[in-house]
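For reference, the structure discussed in these notes is given below.
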Amino acid sequence: MTDNFRHITVLLDEAVEGLAVRAGGCYADGTFGRGGHSRLILQRLGGDGQLIGFDKDPLAIATGNALAAEDGRFVVVQRSFAEMADEFAQRGLTGKVSGILLDLGVSSPQLDDAERGFSFLNDGPLDMRMNPDAGMSAAEFIATAPEEEIARVFKEYGEERFAKRMARAVVQRRSEKPFERTADLAQVLTVANPAWEKGKNPATRAFQGLRIHVNNELGDLERGLDAALESLEVGGRLVVISFHSLEDRIVKLFMRKHAKGEADKLPRDLPIIPKAFEPRLKIIGKPVFASEAELQANPRSRSAVMRIAEKLR
């Protein structure tokens, strides 16, 4: 595989500003991608600073290893950010991380490279895995899953209102010929969708659902947020950029829950709130969206929303 596709980092300056980088701090880029955020973080770090990158994509790891060879303050590991608590524990960094950045979603090189199978716009193998060497591909899932499960994935993760109808069309067609290419699946989904949204490919939502399911994106996000909270030091920042409502809802509810604490579970007349029930996070500012200038330069930033929280205890 080669990597000749350009990636434009979304909310680059805003995200790194949100981390409030200290020169000697230890930071984590949970979604290294092609290193846009990481490079700017390294510019803000001093000689004693440290940055750890995480990614599942072999091409991202190759880019990360090249950066690590240039800068001894950086290291990249081929793991999901959902596993970062284990990685930090192995490095003796539990509760000592100064800031964690999660830039969710799919990178431009993954979308633009037809061989990765993420996009219905460019025909390629029906894969969709962030790490092509692990787990079940989209083609394998479509070939073996019951109709009800395919419909659930389209509806729950793709928010597709015609999920049952589209799943039925997929199962009927696979009995004649298996799906191996993205364009083939997109064509069947398009025909099965009775109400096309203006400006949106009829296969968009179903493809989103498949990608999220194949990569366990929402499960990884929930685990990753818990891991971040345990890994951060007091005063450490968590910065998360989401690209669709399902991700953003998980992030928003997580931050709100830990910013509220659990004092409401205690008797009202309790004179002192035990520390275990006090808030663990403080929400910093309001959600951040791409500026008009960024929207003009990078249309993919239109759905991005960034939330920031700081660890209190």
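Odds and ends about this structure:
- Qualifying residue in the stretch 272-288 (condition: under 23 Å from residue 162 (Cα atoms) and modelled with pLDDT of 95 or more): no
- Residue in the stretch 6-13 that is loosely packed, with under 15 Cβ neighbours inside 10 Å, over 30 Å from residue 135 (Cβ atoms) and of a type outside the set (A, V, I, L, M) present: yes
- Within the stretch 220-264, the residues that satisfy the criterion of being open to solvent by 30 Å² or more (accessible area, probe 1.4 Å) and assigned to a strand (DSSP E or B) are 233, 234, 235, 237.
- Only one of 108, 98 that is polar (S, T, N, Q) and at pLDDT below 95: 108
- All positions within the stretch 297-310 that are farther than 18 Å from residue 252 by Cβ and either modelled with pLDDT of 90 or more or touching a helix residue (DSSP H, G or I) at 6+ places or on another chain (Cβ under 9 Å) (or both): 298, 300, 301, 302
- Filtered residues of the stretch 289-313 (kept if of a type in the set (Lys, Arg), open to solvent by 40 Å² or more (accessible area, probe 1.4 Å) and closer than 30 Å to residue 278 by Cβ): 307, 313
- Selection from the stretch 129-149 of residues that are within 18 Å of residue 219 (Cβ to Cβ) and assigned to a helix (DSSP H, G or I): 138, 141, 149
Conditions (1) of a type in the set (Ser, Thr, Tyr); (2) open to solvent by less than 20 Å² (accessible area, probe 1.4 Å); (3) within 18 Å of the chain's Cα centre (by Cα), marked per residue:
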{"site": "116", "(1), (2), (3)": "no, yes, yes"}
{"site": "119", "(1), (2), (3)": "yes, yes, yes"}
{"site": "129", "(1), (2), (3)": "no, no, yes"}
{"site": "142", "(1), (2), (3)": "no, yes, no"}
{"site": "147", "(1), (2), (3)": "no, no, no"}
{"site": "152", "(1), (2), (3)": "no, no, no"}
{"site": "156", "(1), (2), (3)": "no, no, yes"}
{"site": "161", "(1), (2), (3)": "no, no, no"}
{"site": "168", "(1), (2), (3)": "no, no, no"}
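The values are calculated or read from the model by the stated rules, or taken from the named source; none is laboratory data. Since we're looking at a predicted model, the values are computed, not measured. Positions of Cβ are backbone-derived with ideal geometry, glycine not excepted, and every protein chain shown enters the neighbour counts. The area values use the complete protein model at the heavy-atom level, side chains included, leaving out ligands, DNA and RNA. Shrake-Rupley method; radii C 1.70, N 1.55, O 1.52, S 1.80 Å.
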